[in-house]
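What follows is a single structure, written as structure tokens, with notes after it.
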Amino acid sequence: MNSVRAANRRPRRVSRPRPVQQQQERNNAAAAGERDDDVPADMVAEESGPGAQNSPYQLRRKTLLPKRTACPTKSSMEGASTSATENFGHRAKRARVSGKSQDLSAPAEQYLQEKLPDEVVLKIFSYLLEQDLCRAACVCKRFSELANDPILWKRLYMEVFEYTRPMMHPESGKFYQINPEEYEHPNPWKESFQQLYKGAHVKPGFAEHFYSNPARYKGRENMLYYDTIEDALGGVQEAHFDGLIFVHSGIYTDEWIYIESPITMIGAAPGKVADKVIIENTRDSTFVFMEGSEDAYVGYMTIRFNPDDKSAQHHNAHHCLEITVNCSPIIDHCIIRSTCTVGSAVCVSGQGACPTIKHCNISDCENVGLYITDHAQGIYEDNEISNNALAGIWVKNHGNPIIRRNHIHHGRDVGVFTFDHGMGYFESCNIHRNRIAGFEVKAYANPTVVRCEIHHGQTGGIYVHEKGRGQFIENKIYANNFAGVWITSNSDPTIRGNAIFNGNQGGVYIFGDGRGLIEGNDIYGNALAGIQIRTNSCPIVRHNKIHDGQHGGIYVHEKGQGVIEENEVYSNTLAGVWVTTGSTPVLRRNRIHSGKQVGVYFYDNGHGVLEDNDIYNHMYSGVQIRTGSNPKIRRNKIWGGQNGGILVYNSGLGFIEDNEIFDNAMAGVWIKTDSNPTLRRNKIHDGRDGGICIFNGGRGLLEENDIFRNAQAGVLISTNSHPVLRKNRIFDGFAAGIEITNHATATLEGNQIFNNRFGGLFLASGVNVTMKDNKIMNNQDAIEKAVSRGQCLYKISSYTSYPMHDFYRCHTCNTTDRNAICVNCIKKCHQGHDVEFIRHDRFFCDCGAGTLSNPCTLAGEPTHDTDTLYDSAPPIESNTLQHN
């Protein structure tokens, strides 16, 4: 396509410089009394005339010379009064030459060099052009200092280049403006003049004036002037000079600008240069860089493509900037605009296309801002890309740019879109407030995104889908309306070391067979789950911190999978980890702690493996299992739960093996409401309540567990429950070993029950148990000993324990159905009263507690408790479902 264009493009018109006048003509004009314009004849008159006060080089009036009565002595000349010259900008002050000198015999050149006041010399120099100034500087040291005056050079500089600040050009392809006051060189105007001197100037209407006045512009033969950019390009290609083109203020429309040589083209205008040099095209690409332009430079101008028919499909191939194969131009400090609704503002395509685009503004375009495709590369730095109708940047078909420190924002579509094998390295970009995702990856694209900020997206932050890949490393992803990162449809990105926070929905959302490595991220403060995995997705989630979420930590549902290991999940409002609806994740070596509800919550057929985790200090249970869930829970440490260690309820299942469950505020394990888990080889100890509590129809197989040092019963079985206990060791408890009550039954086989304070095995009235090969030995039997000594049982239990023994009610003392009295208090404190035996069961003595009308004569000080509790307090079930 480009070769066809090149063959069909219009031939360049070359504007030839007009020949200068012959030297003989100039000599004749001088002989006829004509004055050179450089030194006007009325210069002295101007100095003494009424307008003298307006000149920057105003000559101060001298005192009259004395009468020539005698030659002045050296001492009198040296003692003549002097005055400082006025301060012109930052020019150094010089001592004035005394007007009283009487050495009139000095040669004229000595007078010019030594005696003529600075102001007069500067006034003369102000009429010189640059080469004459440089020659004058070679005369003597004084002239050298005056000829390098910054104000002289600023006037010359602005006359030629128009810049109001010096444009430095220290090396090829590098231009920048500086503030003269802050520059280290004493005369930046002259330095810049020297750097920019050999150039062609596009200045419509000025070329004719320039070539018509050769005497006025004597010494500027190295400067060429043209009316159009096309003519300047033709002249540059034929002339022997630096290839530097200055495009002066103006609007240049529909020029045929094909660049196929290493030219340098830069805008030249006062103030904000790029705003005042405008190049636009309505029919074809405004700039086309072709093979041979590998070192070209275009900078400091506005480049527009503004077709009359903005929607025509043939404009798909037209752009503001088109950079083709095997060229690497520099585009610098340009404003790029396109009103065409198809194509892109900048198109970089083809093998070897490798531009540097920096400090440009690619905004307000009605199509894609920057399009990189077909193996093109390039460096794109410090650009402003905003408010484009389609993506700010497209990268496609093995395009592989390096994009650094760009500001990509307020797009009417996605911020950056990589697709169809697009790649690229994106570093330190600020991507925000785009209508769709900040960064989208699709169809085998594989970009690398490092240390960017991706935030305030009107949908999500990063969207990876349809087998997209990519590496997202050390980015800040925050305050997006949807998830910070979406991964779906067989995509497999790497998300490492990012901060993903304060999203209006979740942190990372993986669904629809998504995969990915989610590693080392800090995920916090999001409105929904920190990480959500669903619909057959199977990511690897490791080494992340997931905390302080307004919802849960990790939510795995709808057959979600994944390996979740070595994360720290803490201080979330709901469950640390949820597993539900057929999901089967593997959770290993995580620390899940300090949650405001449950640590790990399996419900509605949630499955999976929970192993080698530390789960601690939750307001509810460490682990809850309910409604058909059947996880494998192995080798975990579960402690510090305010509502127990593990709660299995509402038909929950599970294999709970080799765990250490300790220091929980309530039972280490609760099994209730038709649940049927298997517990093997666990150590359940030092609980602030019981070891295992089974009630309300709970079942389960308890096998080879060590249950010890718990504050209440090692195993409590109640209310129609029927577990099987085999080969457990229940010992060193601070209450009973096993208690069975409230019509429960159990199968006890091969258990060892020893060294428990209250006793080994206690069966309430009406309980039938199947027992085989149990060893009940060496228990402390504190209850029987207290009864035999005639003590009130409250003496050994207080109101925190519930010893099992016979208890009674006293009708004389009007005790209620909730009151109970031990056998020794009946004998002693209620002797002769109308009493009734109730049953053999768990209770504490209300008489000893001081809650009856008559004080107990066997116990000590009364307590403030008013009711006997026949069962441990029930655990709090998670209300997580209310927040789904």
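Structure summary
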item	result
Added length on full extension, which subtracts the Cα-Cα distance from 0.36 nm per residue, M158 to D834	231.4 nm
Percent breakdown of C-alpha pair distances by 10 Å bin, ordered from the shortest bin, for the stretch 198-323	13, 41, 32, 11, 2, 0
Whole-number D in µm²/s for the stretch 549-657 (Stokes-Einstein; Kirkwood sum over Cα pairs; 4 °C, 1.567 mPa s)	101
Cα gyration tensor shape of the stretch 636-682, rounded if a/c is under 1.5, else prolate or oblate by comparing a/b with b/c	oblate
Tail weight of P(r) past 17 Å, computed on alpha-carbon pairs of the stretch 98-190, percent	58
Protein-only accessible surface order, largest first, of H410, H318, H830 at 1.4 Å	H410, H318, H830
Virtual spin-label span in nm between N504 and E291, 7 Å along Cα→Cβ	5.1
Estimated translational D of the stretch 358-417 in µm²/s (Stokes, Kirkwood radius over Cα pairs; 4 °C; 1.567 mPa s)	116
Mean Cβ neighbour count within 10 Å, used as a protection proxy, ranking 333-346, 221-234 highest first	333-346, 221-234
Additional length obtainable on full extension of the chain from L517 to K632, 0.36 nm per residue less Cα span	39.0 nm
Cα-projected label distance for T745 with S571, points at 7 Å along beta-carbon direction, nm	5.2
Full-stretch length increase - D254, F655 - with 0.36 nm per residue and alpha-carbon distance subtracted	136.6 nm
Sites D382 and R709 - FRET efficiency at Förster radius 56 Å, r taken between beta-carbons, to 0.05	0.25
Label-point gap, in nm, between N222 and K174 - each point 7 angstrom along Cα→Cβ	2.1
Among 665-675, 191-201, the order from most to least packed when residues are scored by Cβ within 10 Å on average	665-675, 191-201
Solvent-free Debye scattering, log10 I(q)/I(0), computed from the Cα coordinates of the stretch 324-390 at q = 0.23 Å⁻¹	-0.95
Segments 269-279, 533-543 sorted - mean Cβ within 10 Å per residue, highest first	533-543, 269-279
Charge dipole magnitude, Cβ of K and R +1, D and E -1 - the stretch 790-859, Cα centre, debye nearest 20	180
Rounded D (µm²/s) - the stretch 134-258, Kirkwood Rh over Cα pairs, Stokes-Einstein at 4 °C, 1.567 mPa s	81
C-alpha center-to-center spacing [the stretch 615-643, the stretch 762-788] in angstrom	30
Separation of alpha-carbon centers, the stretch 806-859 and the stretch 269-342, rounded to whole Å	99
Computed over the stretch 675-722, the ratio Rg/Rh where both radii use C-alpha atoms and Rh is Kirkwood	0.97
Residue-count net charge about G514 - beta-carbon cut-off 11 Å; Lys, Arg +1, Asp, Glu -1	0
Neighbourhood net charge (13 Å Cβ-Cβ; Lys/Arg +1, Asp/Glu -1) for H432	+1
Cα-Cα separations in the stretch 335-454 greater than 18 Å, expressed as whole percent	42
Residue-count net charge about K545 - beta-carbon cut-off 12 Å; Lys, Arg +1, Asp, Glu -1	-3
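The values are calculated or read from the model by the stated rules, or taken from the named source; none is laboratory data. Just so it is clear, the model here is predicted, and its values are computed rather than measured. Cβ: placed from backbone, ideal geometry, glycine included. Neighbour counts: every protein chain shown. Surface accessibility is based on the protein's heavy atoms, side chains included, excluding ligands, DNA and RNA. Shrake-Rupley method; radii C 1.70, N 1.55, O 1.52, S 1.80 Å.
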